[in-house]
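One structure below.
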Amino acid sequence: MVSSPFILQMLTLLMVVVTAHSEKRAAILARRMVNLQSSLHFNSLRSDDIPISMAEYYVASDTCSDVEGLSNNGDPILLLSKMSTSYKNWHNNGTISVTIEKPKMGHFDGIMGKPRGIFFGKLRELHLSHENAKRLAGHFLIRHPDARHWLPDDHESHVHDTRWFEFEVQSVYFVGGFGDRSFIGNISGNVYHQDLRDDESYPCHEVNLQDALPKEVEGGSRSLSQQSSFDGFFQLIKTLIMNY
Ligand SMILES: *[C@@H]1O[C@H](CO)[C@@H](O)[C@H](O)[C@H]1NC(C)=O
Ligand SMILES: *[C@@H]1O[C@H](CO)[C@@H](O)[C@H](O)[C@H]1NC(C)=O
């Protein structure tokens, strides 16, 4: 007869395997969400210990594979002004997190059923070569054309105190949607950052937004041929449809 401790052990093992599998799947969804979105909420502590949240722009490092000096592992890359509340609070007290969510798509859509995550980690200032900073700016401007007014070290920039930062994700509290159907829980930094390219359901590395937008987009794909911009554009549409 099989002893009950044995069955319990097997059940525990099964649960560990299932949890690990759903954590990896959640990591894929979280990375996809981060790669498709481009703004986040930067959560920081004010000097009176009250938590506050400010909208900030970012670009996903996964979509900037030609920039050396970034991790290319799903970390968001932010451009912060030293005058901003987010920067000042972080500078006074490094206790921060960022929130990223998939927005609702129409009147009858609801954000409660959509993926969202709180990302815990640390902000690291990037010191990029001139070449790499230019490439990064190109990727950033595709998502945020208005940010051309406050790029760092740019003579035409109106604001001269902005800096590039990588938000190094250490863990994620991820809500995949409604609890009965979706993963709700923690994703470790290692699982979030792992190379997910072997997974066929993971299109992130195929999406190069630089390829995906037409030539007129400022700072972007000027060197690309019209043809490849076009292919890229369809690739982007396909990915968007697959993800929504
Ligand atoms: C940040 O503020 C919290 C709350 O006052 C405090 O517990 C923590 O030690 C502070 N951290 C730093 C790095 O100052
Ligand atoms: C996630 O991690 C936090 C911090 O370690 C912990 O307090 C919380 O219970 C965890 N949540 C789940 C659902 O495991």
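The values are calculated or read from the model by the stated rules, or taken from the named source; none is laboratory data. These numbers were taken from a predicted model, which means no experiment stands behind them. Cβ coordinates were reconstructed from backbone atoms using ideal geometry, including for glycine residues, and neighbour counts include every protein chain displayed. In case anyone asks, the SASA skips ligands and DNA or RNA and just uses the protein heavy atoms, side chains included. Shrake-Rupley method; radii C 1.70, N 1.55, O 1.52, S 1.80 Å.
Evaluate the following for residue 28: is it open to solvent by less than 20 Å² (accessible area, probe 1.4 Å), over 22 Å from residue 142 (Cβ atoms) and β-branched (Val, Ile, Thr)? Talk me through it step by step, then tell me what you get.
Working: open to solvent by less than 20 Å² (accessible area, probe 1.4 Å): yes; over 22 Å from residue 142 (Cβ atoms): yes; β-branched (Val, Ile, Thr): yes.
It is true that residue 28 is open to solvent by less than 20 Å² (accessible area, probe 1.4 Å), over 22 Å from residue 142 (Cβ atoms) and β-branched (Val, Ile, Thr).
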Of all the residues that make up segment 117-157, how many are of a type in the set (Asp, Glu) and touching a Ser or Thr at 6+ places or on another chain (Cβ under 6 Å)? 0
Within segment 36-93, how many residues are in contact with a helix residue (DSSP H, G or I) (Cβ under 8 Å, 6 or more places away or on another chain) and within 16 Å of ligand 1 (Cβ to nearest atom)? 6
Based on this model, can you work out whether residue 46 counts as over 28 Å from residue 131 (Cα atoms), modelled with pLDDT of 95 or more and open to solvent by 70 Å² or more (accessible area, probe 1.4 Å)? yes
Looking for whichever is at pLDDT 95 or above and open to solvent by less than 20 Å² (accessible area, probe 1.4 Å) here; the options are 86, 171. Which one fits? 86
Kindly list the number of the only condition in (1) within 16 Å of ligand 2 (Cβ to nearest atom); (2) open to solvent by 50 Å² or more (accessible area, probe 1.4 Å) that fails for residue 96. (2)
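Every residue in segment 119-135 that is within 22 Å of residue 26 (Cβ to Cβ) and open to solvent by less than 60 Å² (accessible area, probe 1.4 Å), please. Reasoning before the result, please.
So in segment 119-135, the residues within 22 Å of residue 26 (Cβ to Cβ) come out as 119-122.
Within segment 119-135, 119, 121 meet the criteria.
Do we find that residue 112 is within 27 Å of residue 188 (Cβ to Cβ), outside any strand (DSSP E or B) and either more than 16 Å from ligand 1 (Cβ to nearest atom) or not basic (Lys, Arg) (or both) in this structure?
yes
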